[in-house]
Every structure is written in C-alpha cells, then in structure tokens.
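A quick write-up on the structure given underneath.
The numbers here are math on the coordinates, done by the rules we state, and not lab data. Note that the coordinates shown come from a computational prediction; the quantities given were computed from them, not determined experimentally. When we count neighbours, we look across all protein chains shown, and the Cβ atoms used for this are built from the backbone with ideal geometry, even at glycine.
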Amino acid sequence: MINKLISLKEETIKSLGDLSDQKSLSEMRTRVLGRKGELTTLLRTLKDFQPEERSAIGKLANEIKVDLESRFDSREKFFIEELEQRDLEKEFIDVTLPGRRHGFGKLHVLNVVTAELIEVFSGLGFQLAEGPEVELDYYNFEALNIPKDHPARDMQDTFYFSENVVLRTHTSPVQIRTMEKSRPPVRIICPGKVYRRDADITHSPMFMQIEGLWVDRHVSLADLKGVLTAFVEEYFGVGIGLRFRPSFFPFTEPSAEVDIQCVICGGSGCRTCSFTGWLEILGSGMVDPALYGFVGYDPEVYSGFAFGMGIERIAMLKYGIPDIRSFYENDVRFLRQF
Ligand code: PHE
C-alpha cells in the first residue's frame, strides 16, 4: 500500500511536468484527487489493514494529498500567468508606427451660408435674434394676422403638438416675439429651422429661413429696396439685377416677392430659372399695421418692413446645388466641397 501511494505520487509529479494546458491539468486533478480518483480509491482499502498500520498509511496518504494539491495549484498558477503574458505580448504597442490621422471637421454648408448672411446684415445694422422651433399657434399665425380659418394656413400646414402648439412654419413669429419685448427702433435678423408639410426636389419638411425686420419712425419701401439691393450686391455680386413682384402675405402690406437675375445663366434663360431669367429668393413687404395692434406699437408713429428667405435656396443659388436633399443626406463627399 505504501509503495502504491508513493508510486502514485511520483507518477503524478512526473506527468504534471508534461502537461501543456489548464484543461488537461484540471482533468488530471480530478483523475488523481477527485472523489472517484485514484488516491481516494486506494484509501478505500484502508479498512482492511490493522489499526496501527492504518494510521501510518492514513498519515502518509494525507501528506501526499496535501503535497499533490499544492503542486497542482502552482502548476495552474503557472498556466494562468503564461496566458496573461501572451495577452500582454499581443497588446504590444509599436511606437514607431505612423499615427492614424483624424480628418478635420468643418461647418455644414448651411451653417456657413447662415453665418455669411448674418455677417452681411450685421454690416447693415441688424442684430441677431432667435425664437423657438416649437411655437405657439398665436405667434406663428394668430399675431401675424393669420386667424384660424384663414386660407393662408393651407400653404403652411405643419406638425401640430396640440391645437395651439406647432412646429413653426416660418421665422416670422420672431418678429412678434421681438416687438413684444422691445420698443422701436427694432432692427433684427433671425435665422433658424422651420417646418412644413412639403417635400420634393426643392422643398424639404424641415428647412431654414432667415428673417429680417426693421421698425422705426419713417421706415419706407425705399429702405426695404435699399437694404435688399445692398444685400444682393454684397452676397451675389454687383450688377446682379433684382426685381420686386407684387405678392400677398397676411402680415405685410404691400407685399412683394424679390427675384434676382439667374446666377447660372445671367438672365438669358436656362433650366434653373425655368427659362425666365429670374430666380425668386425671398418674400417681403411693409409690416401690416394690424401687427402693431398685437404688440402695442402706435401705427401712426411707426412703420417698418420685413423679409424672409430660405437659406437652402440661397445656398443652392450661390453654389449651384440642384437638389435640396443633398443638404441633409450627410454624404461627406458632398459636404466636403464647401
Ligand atoms: N414668412 C414668409 C414665408 O415664410 C416670408 C415673409 C417674411 C414674407 C417676412 C414677408 C415678410 O413665406
């Protein structure tokens, strides 16, 4: 029995050295020291021995068990460390490799154009103003002289949060918000996103506008023409003709749409201008005195003009972009160009 125990110990120690991984180590541990393992099986025969022998054999068996267990443990530790070491080597960082370059980001073309427009109008004395995109029906329609049943609402159908809360359809509500909280002179420029139920090659359900408003004593249609002419010359170039076409907006009277000479063909007629030689760029007019009633200005003392233009439209004309959807598709090949 004693010999058997000793040779079990020696064989186990010998084959421990031959093991190459954790899996075979744990299989071997079970085979030798497990509940049905070789050592345990040997010890089952202990009851056949005399009591004195039994205790000597038991003592030896126990020593062997403790010894083997610690050998298994240290072998296991060795395997684990070896694995960690291999992982570390895999993570080795070659500091001599060239770095990965990150491209520089840039402003979206619509933000560039917005900044340029603000710049031009700041030069003409306009101050930046902003308003919320989720707007009250009151500011978006009601106080702009567009009552609930007015047909002008048809052209500006939008997303309703509730009966009185909408996604604004234009930047004109900022006119009312600004006049409500300040006294003339008011000279503001307000860019921002607006929303309409509209989608085709030149219309998007979300787009951007920039609104201008100038209210003071003695502001006239001549001032409107002067400001817009200065803007067109500065932004599109001196010599680009513009014309005022009578139009209608519930919040301006009289109203005019402004066209510029086609920047693609110079006015001789092409596909972009539908062979008219002209491109519509904005809506404008003298502030309808009815609006002053909503903000507490005296219409006998003050007058003013307002205009609103689509920023995408301006960008499309400035850079010759044929499809409005290109602005929102996030295709870097498009966006990189500006
Ligand atoms: N708000 C008008 C629109 O979106 C444009 C406009 C602004 C017209 C200011 C006149 C004065 O169509």
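For labels at D157 and L25 in the simple 7 Å Cα→Cβ model, what's the distance in nm?
Simple spin-label model gives 7.4 nm for this pair.
When all C-alpha to C-alpha distances in the chain are sorted into bins of 10 Å, what percent of pairs does each bin hold, rounded to whole numbers?
Result, from short to long distances: 5, 19, 20, 11, 4, 3, 5, 7, 8, 9, 6, 3, 0 percent.
S15 to L128: extension gain in nm, 0.36 nm per residue of separation minus the Cα-Cα distance?
That works out to 32.3 nm of additional length.
For the chain, give me every cysteine whose Cβ has no other Cys Cβ within less than 4.7 Å, ordered by residue number.
So far as the 4.7 Å Cβ criterion goes, C190 stand without a partner in the chain.
Have a look at K14, K318, K106 and tell me which one the Gaussian network model of the chain (Cα, springs below 10 Å) gives the largest fluctuation.
K14
Which one, A306, I80, I146, projects farthest toward the positive side of the charge dipole computed for the chain from Cβ point charges (K/R +1, D/E -1)?
Most positive-ward Cα: I80.
Between G212, G99, G58, find the one with the highest GNM mean-square fluctuation for the chain; connect C-alpha pairs within less than 10 Å.
G58
Nearest 20 debye, what's the magnitude of the dipole of the chain about its Cα centre given +1 on Lys and Arg Cβ and -1 on Asp and Glu Cβ?
1100 debye
Within a 10 angstrom radius of the beta carbon, how do L107, L68, L228 rank from fewest other beta carbons to most?
Ascending Cβ contact count within 10 Å gives the list L107, L68, L228.
List the lysines whose alpha-carbon lies under 26 Å from that of K90, not counting same-chain residues fewer than 8 positions away?
K23, K77
Quick one: net charge around L107, please, counting Lys, Arg +1 and Asp, Glu -1 for every other residue with C-beta under 14 Å from its C-beta.
0
Quick check on the exposure proxy: order E257, E119 from fewest to most C-beta atoms within 10 angstrom.
Ranking E257, E119 by Cβ neighbours within 10 Å, fewest first, gives E119, E257.
What is the local net charge at E133, summed over the other residues whose Cβ is closer than 9 Å to its Cβ (Lys, Arg +1; Asp, Glu -1)?
With Lys, Arg at +1 and Asp, Glu at -1, the net is +1.
According to the Cα gyration tensor, what semi-axes, each the square root of 5 times an eigenvalue, does the equivalent ellipsoid of segment 2-90 have, listed from largest to smallest in whole Å?
Three semi-axes, in Å: 32, 11, 10.
Please report the spacing between the Cα centers of segment 24-103 and segment 279-306 in Å, no decimals.
Segment 24-103 and segment 279-306 have Cα centres separated by 90 Å.
Within 15 Å, Cβ to Cβ, of S247, how many net charges do the neighbouring residues add up to if Lys/Arg are +1 and Asp/Glu are -1?
-2
Have a look at segment 146-298 and give its Rg and Dmax from the Cα atoms, expressed in angstrom.
Radius of gyration, then largest Cα-Cα span, for segment 146-298: 16.8, 48 Å.
Under 12 Å Cα to Cα from K9, which aspartates and glutamates show up? Leave out anything in the same chain fewer than 8 places away.
Within the straight-line cut-off, K9 pairs with E38, E63, D67, E69.
So how much slack lies between F248 and R336, counting 0.36 nm per residue of separation and subtracting their Cα-Cα distance, in nm?
That works out to 27.8 nm of additional length.
Full extension from E91 to E52: what is 0.36 nm times the residue separation minus their Cα-Cα distance, to one decimal in nm?
8.1 nm
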